[in-house]
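Okay, structure first, notes after.
Please treat every number below as a calculation from the coordinates, not as lab data. The structure displayed is predicted, hence computed values, not measured ones. Here Cβ is always computed from backbone atoms with ideal geometry, including for glycine, and neighbour counts include all displayed protein chains.
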Number of protein chains: 4
Amino acid sequence: MTSERRPGRPRSETRRRAILAAAMAELEERGYADLTIERIAARAGAGKQTIYRWWPSKADVVLDALVDMAETRIALPDEGSLPDDLMAFILATFRQRGQRPVLLGLLAQALLDPVFAKAFRDRFLFRRRAVLRQILDRAVARGEIAPETDPELLIDVVYGVLWYRLMLDHAALDDDAGRQLSSLLLRAARPGP
Amino acid sequence: MTSERRPGRPRSETRRRAILAAAMAELEERGYADLTIERIAARAGAGKQTIYRWWPSKADVVLDALVDMAETRIALPDEGSLPDDLMAFILATFRQRGQRPVLLGLLAQALLDPVFAKAFRDRFLFRRRAVLRQILDRAVARGEIAPETDPELLIDVVYGVLWYRLMLDHAALDDDAGRQLSSLLLRAARPGP
Amino acid sequence: MTSERRPGRPRSETRRRAILAAAMAELEERGYADLTIERIAARAGAGKQTIYRWWPSKADVVLDALVDMAETRIALPDEGSLPDDLMAFILATFRQRGQRPVLLGLLAQALLDPVFAKAFRDRFLFRRRAVLRQILDRAVARGEIAPETDPELLIDVVYGVLWYRLMLDHAALDDDAGRQLSSLLLRAARPGP
Amino acid sequence: MTSERRPGRPRSETRRRAILAAAMAELEERGYADLTIERIAARAGAGKQTIYRWWPSKADVVLDALVDMAETRIALPDEGSLPDDLMAFILATFRQRGQRPVLLGLLAQALLDPVFAKAFRDRFLFRRRAVLRQILDRAVARGEIAPETDPELLIDVVYGVLWYRLMLDHAALDDDAGRQLSSLLLRAARPGP
DNA sequence: GGTTAATCGAGACGGTACGTCTCGTCTTATT
DNA sequence: AATAAGACGAGACGTACCGTCTCGATTAACC
């Protein structure tokens, strides 16, 4: 029921991984703005066509690489209280080595290209939101947050502040920021008097 | 004391305006992602060198054009209460015709180019923050917000949510959104019991 | 002694013909310059490897197709006199529908690729020369041409003028041309006074 | 009356010559079949666009280089008699160092591309014919050739045999060939008895 | 009738050149 | 000097084919 073999030589998983690895290496060495399909292909020992066959743009290559990594790394923190969970989540999201420039590069690409924007939303941003939603649900269960509060708005607040600081770079994104943000959320969503 | 005249033919203000106008026209017709110096110059009937002489990148041209427009249009709303002020501000910021794609394009550019990022922050984002700060100060004065609240965090929340929704495009940015956001701010920052 | 059977699945004559036919069809539709192995294979419903297994280059495919056709069609004319034979020969050679572009394409290929050039000479050009040689031999027998004349030079003259006009396209290749050319040959090779 | 200055930076004659020289060098080293615009540009230290701006195809570059050379080298021989003139002409045409592969390459290109074919005819082949026509005219004046003979057919014979042997490479193109060819012409065109 | 071995369709793959696009710099004459 | 015009070096783009490769499926002859 699974097989679904297509005729012809099958896609090489080895090549796929080589290309994603090359993309990540280029990204670390030269940054997103200087990333080119040509160099990724050269570094991976691949033909350009092999990249174009499977990915519509270089952003999609990077997104694939990122998702491959993130899939395994994102964990739902469970520290027992909303402030602790939030902080753990924020740090887990943005403290990974070298992620900041990659995330900003992908965001830039999403802003310029609506087609990629959809992929970025569906495959990355929305999955992150799902994790945060679970954290908030648990906070509701614990009574830390009033049940009538709209969790989507709270998620927007958390991610809004995160991305805004990430791109503006005018304020820190550290433990203290996590504490302040979660404290604000608690005050805004605390069960009424 | 005043003149500061240099020798040679002075810069033509006519050309400057023609170039900014051409940039805006291109922007509206083809979008930020397809904007090129070459086309702006052709449309303005200008030489490319004339653009490169005065602006370091195409993003700076667009920023100049945007600031020229925004300078005159952004007004500090004074509706008498924080919710009303916030809504007026949000609408004034993002409801201008065709602004959304331009803003997103500039943001993308800022994410990719740190040099432009600084100009974008200083000449655009921070000025907008200043307006919002005044709104919040008035709310403090009216007793709508507790004086011990950090206004910078609140500003981050408002702008964070605004930009996040702007780029994610998953939720509306309308009157209702303004109402919900200001209500959340009021709850988070209301004077304690 | 005859069979020479190898083990394994034998070559499919059906496929061979399908490929030659596809090549001819492509040739007629798009011309030699736009001919590609890829399209021939697609049109024939064949894998590229099947072509590469049996022919070293696309020119060899075309040559095969041409020889298949020409083998049956070229006939030794016997009109009774050199002028009439020559005209018949010229027309039989170059008047076949759609042959001109194919011949010119193969010639171009031969000029660019020495390996194919040899095949083209041996399998096509020299065979045509042989036909012409017979015509001239008969003219010698009839006394139209002096026996001491070198027939090879005359052949070069006939084919030289033919190909030259074929490629230069500056003068007609019709009955009249045949008449003039044979008249020139007769004058050059007539038995001395 | 001559000036006709266009606005903007004028075309650089230096670059033009560098590109033609690079093309000739590539041609000698690797042959026409392996000639690429990319390598010509690299060797000339030029951008590809600079080549595409002025020449529609690589064949036109080579033709330009050839005409530049030939313009100065082709001389009307005047040896006093048709056989001597013809031989001098033939040798002058085809004995130039390394010309054979270049000529065959251009011919191949002309066979594949009708647009280039016209340029090749007008700028190269027809000019050569003009030289030969002068030689024949002088032979008529001297009484070596009957005045009623069509010189165009004779030209076709000479060039036909030359090109045919050039491409077939089955017979020599040397002094002896020149002698035989001119002797044939004389017999064919001699004043009648 | 199963085994063996080459052929076949399909299409992925590493390469390479194509012709185009835009960048940022330069070289003219003109203002 | 500033300007319009546009040539220039540079280099990435996305496409087209090349010739090779790897699959599963097929087609005979041989045992």
Rotational relation A to C, axis-closest Cβ in chain A, residue and distance rounded to whole Å = A:49, 4
State, to one decimal in nm and shortest first, how far the label point of residue A:68 sits from each corresponding label point in the other identical copies (label point: 7 angstrom along Cα-to-Cβ).
-> 4.6, 4.7, 4.9
Set the Förster distance to 30 Å, then compute FRET efficiency between residue A:49 and residue D:43 from the Cβ-Cβ distance, nearest 0.05.
-> 0.65
Charge tally in the Cβ shell below 12 Å around residue A:57, where Lys, Arg are +1 and Asp, Glu are -1, residue A:57 excluded | -2
Where q = 0.05, 0.06, 0.08, 0.09 Å⁻¹, what log10 of I(q)/I(0) comes from the Debye formula for the protein assembly as shown, counting one point per Cα?
-> -0.50, -0.65, -0.87, -0.96
So, in nm and shortest first, the distances from residue B:47 to its counterparts in the other copies, with label points 7 Å along Cα→Cβ, work out as 1.7, 4.6, 6.2
For segment B:21-162, what log10 I(q)/I(0) values come out of the Debye formula at q = 0.15 1/Å, with one point per alpha carbon and no solvent?
-> -0.80
Set C:58/D:118; A:118/B:58; B:58/B:118; C:48/D:58; A:58/A:118, cut-off 23 Å on Cα-Cα distance; pairs above it are C:58/D:118; A:118/B:58; C:48/D:58
Across the identical copies, how the residue C:123 labels are spaced - nm, sorted shortest first, 7 Å along Cα→Cβ = 3.6, 4.8, 6.9
Tell me, in nm to one decimal, what length is gained between residue A:68 and residue A:133 on full extension, where the rule is 0.36 nm per residue of separation less the Cα-Cα distance?
-> 21.2 nm
